[in-house]
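First comes the structure, then the notes that go with it.
Coordinate-derived values only; no laboratory data. Since the structure is predicted, the reported quantities are computational estimates derived from the model, not experimental observations. Heads up, the Cβs are rebuilt from the backbone with ideal geometry, glycines too, and the neighbour counts pull from every protein chain shown.
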Amino acid sequence: MRSQYNFESDIKFLTGRGALRNCAVTMSNMGCRRIMLICDEKSVKRGHLRALMRRIGKELNIVAVYKKVTDFATAEDCDRALRLFKEKECDSIIALGQKSAIYTAKAVKVMIKDGVSFMSTYLDCSVNNISSDFLPLAVIPTYLSSGIEASNTVRVLCEDGGIIQLDTPFAQTNALALDPCMCSILGKNRIASIGLNALAMAISSLTSRKSVNPMTKVYALDAITLLTDNFEPCMLYTGIRKYRFNVAFATMLAGCAYWSSPNDLLTKLSDLICDISGADYRDVFNILFAKGVEKIEFKWDFDTYALVNLIGYNKYIEVQDGKKGGQIIKECVNRYYAELKKYVNYPLKLQDLGIDDEMLSRAYDEFTKDGDVEKISYASVLLKAE
């Protein structure tokens, strides 16, 4: 089991066998005495909630459980969870499951801090940037990982179809526990999507045109190492837990790197397309990323040989004298996609996800409505060719 602090964002990472019990100790040390657990319906059906309670239910005083979160975090879920939190006089939160449960938990944390009763309040105002309150939040991802566990992002769907999106340090995760027993068996298509998502986030962090802290690059490189070492055996032996765990850990590290970087256009465009089409975010993000790597000339200032020294030998990355970092990354992505084709028929175009020309046109118009030259150029490259 690994345990380490990320001192830059004050998140404690707990990984490996025993991570759940270590999470219980960490929460006790943070003074958590009356805990609320928020999870999604899939985690209940798949037995994750039962497994969690069996392992740490006696060690922590979990006085409230909200388990009605669906595939999307809604304002109604946030409001109901908040009322339950107050009714049971809770002092901390555990989020169990996929990103919808995590978004809901983060939203409740922000609402408690601001003293508001309805998530819709944030349609008209922003988060108060002053607070002395500390509400501990522990996140336990399932279904491998989504990468947003270590982010400060909250994304909630309103009844009228509107989206509330917050990016605030008050939504920060304090403890992140990844235990192999929470890494469910998934089909090859899902593993492919999650693996590509980790690769895309890690490389996007490295190729960011804006300045990022050194730890971001370390997390990104560690993610690439874990992913490239474990992707093939994870696809071949989907029932072996350690490979799923390592891919999940790679996604978690890649997410930490990606969300520590300044948010780029890829996230915003992917979110917009998903809002319009209802397509899976990971798949949209992965397809746009691959097209961007091929068609957009990016700068990469990280030392090529440092990359190899940190990652070591693997068949995805080949370094030669005179070869620029951008070309190495493109070759890495192309090799990864070629490897995918051996195991699964992964979608390569947005149309493969049921996204038609009308949806793309709406996304383009909405994305470029402010007249930003960079956005227009970016969207033209990635959407017009579709």
Quiz item: Based on Cα positions only, what radius of gyration and what Dmax would you give for segment 2-181, in angstroms?
Solution: 14.9, 44
Quiz prompt | Built amide H within the under 5 Å cut-off of G97, gap 5+ | solution = I140, T142
Practice problem: Could you go through segment 96-112 in sequence order and give the Karplus-derived ³J(HN,Hα) for each residue, using 6.51 cos²θ - 1.76 cosθ + 1.60 with θ = phi - 60°, rounded to whole Hz, and x for Gly and Pro? | Solution: 10, x, 8, 5, 5, 5, 5, 4, 4, 5, 5, 5, 4, 4, 5, 5, 4
Quiz item: Among C234, C181, which comes first, second and so on when ranked by fewest other beta-carbon atoms within 10 Å?
Solution: C181, C234
Quiz item: Along segment 80-91, what does the Karplus equation 6.51 cos²θ - 1.76 cosθ + 1.60 (θ = phi - 60°) give for ³J(HN,Hα), rounded to whole Hz, x for Gly and Pro?
Solution: 5, 5, 4, 4, 5, 4, 5, 4, 8, 6, 6, 10
Self-check item: Computed over the chain: relative contact order in percent, which uses C-alpha pairs under 8 Å that are six or more apart
Solution: 14 percent
Self-check item: Peptides ranked, highest mean first, by Cβ atoms within 10 Å: ranges 103-112, 364-373
Solution: 103-112, 364-373
Self-check item: the chain: angle of helix 241-260 to the longest principal axis, Cα-based, in degrees nearest 10
Solution: 90 degrees
Quiz item: Which distance in Å, rounded to a whole number, links the C-alpha centroids of segment 45-73 and segment 172-206?
Solution: 20 Å
Practice problem: Restricting things to alpha carbons, tell me how big segment 172-295 is in terms of Rg and Dmax, in Å. | Solution: 14.4, 40
Quiz item: Taking amide H positions as placed 1.01 Å from N in the peptide plane, with prolines and chain starts having none, which residues 5 or more places from R17, or on another chain, fall under 5 Å of its amide H?
Solution: none
Quiz item: Taking amide hydrogens as modeled 1.01 Å from N in the peptide plane, which residues meet the under 5 Å criterion relative to D280, leaving out close sequence neighbours?
Solution: none
Practice problem: Beta carbons within 10 angstrom, averaged per residue: use that to sort the peptides 332-340, 150-158, highest first. | Solution: 150-158, 332-340
Quiz prompt | More than 34 angstrom apart: percent of Cα pairs within the chain | solution = 26 percent
Exercise. Would you mind putting 23-30, 280-287 in packing order, based on average other-beta-carbon counts within 10 Å, highest first?
Key: 280-287, 23-30
Quiz item: In what sequence do S377, S145, S120 fall when counting other Cβ within 10 Å, fewest first?
Solution: S377, S120, S145
Practice problem: Quick one: Debye curve from the alpha-carbon atoms of segment 49-133 only, equal weights, vacuum; give me log10 I(q)/I(0) at q = 0.24, 0.26, 0.27 Å⁻¹ to two decimals. | Solution: -1.27, -1.40, -1.46
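Tell me, what does the Kirkwood hydrodynamic radius of segment 332-380 come to in angstroms if you use every pair of distinct C-alpha atoms? Before the final figure, lay out each step's value.
Working: mean 1/r = 0.0766 Å⁻¹.
Over segment 332-380, the inverse of the mean reciprocal pair distance is 13.1 Å.
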Exercise. With θ set to phi - 60°, apply the Karplus curve 6.51 cos²θ - 1.76 cosθ + 1.60 along segment 217-230 and write out the HN-Hα couplings as whole Hz, x wherever there is a Gly or Pro.
Key: 5, 5, 4, 4, 5, 4, 5, 4, 4, 4, 5, 5, 7, 10
Quiz prompt | Neighbour-count order for M215, M201, fewest beta carbons within 10 angstrom listed first | solution = M215, M201
